[in-house]
Amino acid sequence: MYILALCKFIGMSEKRNRFEKVATKRVEFILKTLDLLSNCSNRHNYEYDKSDVDKIFKAINNSVKISHSSFIKNLEKTKFEL
C-alpha cells in the first residue's frame, strides 16, 4: 500500500512538472502573439475603426472566458465515493 501511495505521489509530481512546462510555453506564446497584435494598432501602417477593435477583443475575451471556464470546471469535478 505504501508503494502504491508513493507511486501516486510521484505520478502527480510528473503531471505537475509537465503542466508547468507546457502551460508556461503556451502562455508565453499567447503573450507574444498579443504583443504582435498590438503592432497592428499603428495608425500610420494600418486603417481600422472602433468596430474592428471591438470585434477583435470580443473574440479574444470570449476565448479567454471559455478557457478559464474549462480550468474551473475541471477543478470542481468530484468523484463519487462510498
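Selection of first residues in region 34-50 that are within 21 Å of Val64 (Cα to Cα) and of second residues that are of a type in the set (Ser, Thr, Tyr) and assigned to a loop (DSSP other than H, G, I, E, B), restricted to Cβ pairs under 8 Å at least 6 apart or on distinct chains, gives the following pairs, ordered by first then second residue: Cys40/Tyr46; Cys40/Tyr48.
Taking the conditions (1) at pLDDT 95 or above; (2) over 19 Å from Val27 (Cα atoms); (3) of a type outside the set (D, E, K, R) in turn, Phe80 satisfies each one other than (1).
The values are calculated or read from the model by the stated rules, or taken from the named source; none is laboratory data. Values in this document were obtained by computation on a predicted structure and should not be read as measured data. Using ideal geometry, Cβ is built from the backbone for each residue, glycine included, and neighbour counts are taken over all protein chains shown.
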